[in-house]
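The structure appears right after this line, and notes come after that.
The values are calculated or read from the model by the stated rules, or taken from the named source; none is laboratory data. Quantities reported herein were computed from a predicted structural model and do not represent experimental measurements. Every residue, glycine among them, receives a Cβ derived from its backbone with ideal geometry; neighbour counts consider all protein chains shown.
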Amino acid sequence: MSDEKKSGLDAVDEGPVPSDGSGPQAAGAPADKNDHPSVAALFERFGDAIRHHEVNAGDQHVVHIDPARNTEILGWLRDDPAHRYDLLADVTAVDYGGGQPLRVVYQLWSIPNRMGLRVKCLLPLDVLEIDSVVPLWNSANWLEREVYDLFGITFRGHPDLRRILMPHDYAEGHPLRKDFPLRGRFSRAEQTRRALNQDVDRFYIPAERALGREPQQVTFPSQTAPGPDEGSEGGA
């Protein structure tokens with residue numbers, strides 16, 4: 001099919017195109033590192049640990065860094081006065097499927113300098129581990145747990161790494177991975193059987209169960225207040 005006859009759906013079928021030499025990924029526009037002060041400083045200070053730089057959506061600068069040095073580089077971005085990325089707005093992950101590495105994505109914002117920066121780390125499927133950034137930004141706590149739950153990425157040094165959306169004993173894997181079946185790994189009959197056999201301990205950690213609080217009871221008054229047309233005898 002010629003380029004002029006292609007539609008947007010053809011691009012979906014073809015998938016992401018290469019942009020950094022490490023395999024297909026979401027393509028970004030050609031970028032000049034000097035267009036963003038933090039990007040230029042990262043290349044100067046960390047050299048080969050900064051793997052790639054691109055611009056997405058017109059003005060979103062993205063740097064790919066060595067995952068083995070994520071806390072070192074992110075800590076520098078947080079603490080250096082010239083950059084001061086004091087807000088971690090998001091931690092998430094992306095799986096493009098096809099055996100490609102998973103991407104851990106950090107969305108940073110510098111409130112003092114009014115600058116944004118997106119940082120990505122590529123993790124091969126056989127080494128889905130990276131250091132936690134909770135010691136840098138406590139806001140990463142639940143965000144990393146969500147990535148662990150839905151993508152199966154382990155964050156070393158996380159203070160409480162356990163599932164946050166799926167039940168703690170969920171046995172079907174990680175639902176946002178591209179290899180996860182649309183209907184789950186178990187049959188509908190097995191999923192129904194497990195749902196019917198679950199008990200309350202499935203939803204609460206032991207510390208919560210030990211509180212022993214009584215369920216909240218909803219009560220109704222025995223008599224309702226008079227309506228607007230129910231005044232004293234004889235009316236107004």
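Within segment 110-129, being of a type outside the set (D, E, K, R) and within 27 Å of A57 (Cα to Cα) holds for S110, I111, P112, N113, M115, G116, L117, V119, C121, L122, L123, P124. Among the residues in segment 85-106, are any under 13 Å from the mean Cα position of the chain (by Cα), surrounded by 20 or more Cβ atoms within 10 Å (Cβ to Cβ) and part of a loop (DSSP other than H, G, I, E, B)? Yes, the conditions are met somewhere in segment 85-106.
Of A11, A29, A57, A49, all but one fail to be in contact with an Asp or Glu (Cβ under 7 Å, 6 or more places away or on another chain), loosely packed, with under 13 Cβ neighbours inside 10 Å and either farther than 30 Å from F180 by Cβ or at pLDDT below 95 (or both); the exception is A29.
The residues of segment 140-179 that are within 17 Å of P124 (Cα to Cα) and part of a loop (DSSP other than H, G, I, E, B), listed by number, are G152, I153, H174, L176, R177, K178, D179. Please work out if G75 is touching a His at 6+ places or on another chain (Cβ under 6 Å), modelled with pLDDT of 95 or more and surrounded by fewer than 21 Cβ atoms within 10 Å (Cβ to Cβ). Taking the combined requirement at face value, the residue does not satisfy it. Look through segment 151-194, keep the residues that are modelled with pLDDT of 80 or more and at positive phi, and return whichever of them is surrounded by the most Cβ atoms within 10 Å (Cβ to Cβ). Here the residue is G152.
Could you tell me which of the residues H53, H61 is farther than 19 Å from I130 by Cα, in contact with a helix residue (DSSP H, G or I) (Cβ under 9 Å, 6 or more places away or on another chain) and free of Cβ contacts under 8 Å to residues at least 24 places away in the same chain?
On inspection, the qualifying residue turns out to be H53.
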